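A short write-up of the structure that comes next.
Just so you know, all these numbers are worked out from the coordinates, no wet-lab data involved. Because the structure is a prediction, the values reported are computed rather than measured. All Cβ positions, even for glycine, are placed from backbone atoms using ideal geometry, and neighbour counts span all protein chains on display.
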Amino acid sequence: MEKSKEEIVKEMQLVAEQMVIDDLEENPDLANEYFECDCCGKNKCLAGSIQYGEYRLCNDCVLLAETGFALGKFNDIQALMDAMEDTRLEELCTFIKEEEKRADRQNSN
Ligand SMILES: [Zn+2]
């Protein structure tokens, strides 16, 4: 029987969670190591991240990518990168706004 979308999503969530667990078992220090995800642009934990070609994706984006592949939404990582461009820009804007707020606070002190 064909799997439903919900089943595929659930299965992928478990796979992604397991990646984090496996990474931390292999190298517990990863819990404190962060990188900027090439896909969502957020600062994310290295545990559970995966390198796809030239891009390193955080665990959340790995879940998006693998679910997308499994559901046939896209065939390569570039399609996801393109789809996530707005999210990356938003993240950058948020970061810049936060920095501005910080600068404002420092100026008013
Ligand atoms: Zn990400």
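Of the trypsin sites (Lys or Arg not before Pro) found in segment 9-77, the ones in coil according to DSSP and having at most 15 other Cβ atoms within 10 Å of their Cβ are K73.
Amide H to amide H distances under 5 Å link K42 with C37, where only residues 5 or more positions off or on other chains count and H is placed in the peptide plane. The alpha carbon centroids of segment 87-109 and segment 64-79 are separated by 32 Å. With a Cα cut-off of under 17 Å and a minimum spacing of 8 residues unless on different chains, the lysine pairs in the chain number 4. Magnitude of the charge dipole for segment 5-104, about its Cα centre and with charges confined to Cβ atoms of Lys, Arg (+1) and Asp, Glu (-1), is about 240 debye.
Summing charges over neighbours of C39, with a neighbour being any other residue whose Cβ is under 11 Å away from its Cβ, gives -2 when K and R count +1 and D and E count -1. Estimated at 0.36 nm per residue, the fully extended path between Y34 and D86 surpasses their Cα-Cα distance by 16.5 nm.
Close amide-amide hydrogen proximity is noted between R56 and D38, each under 5 Å apart and 5 or more residues distant or on a separate chain (H modeled in the peptide plane; Pro and chain starts excluded). Sorted largest first, the principal axis extents computed over the alpha-carbon atoms of the chain equal 65, 32, 26 Å.
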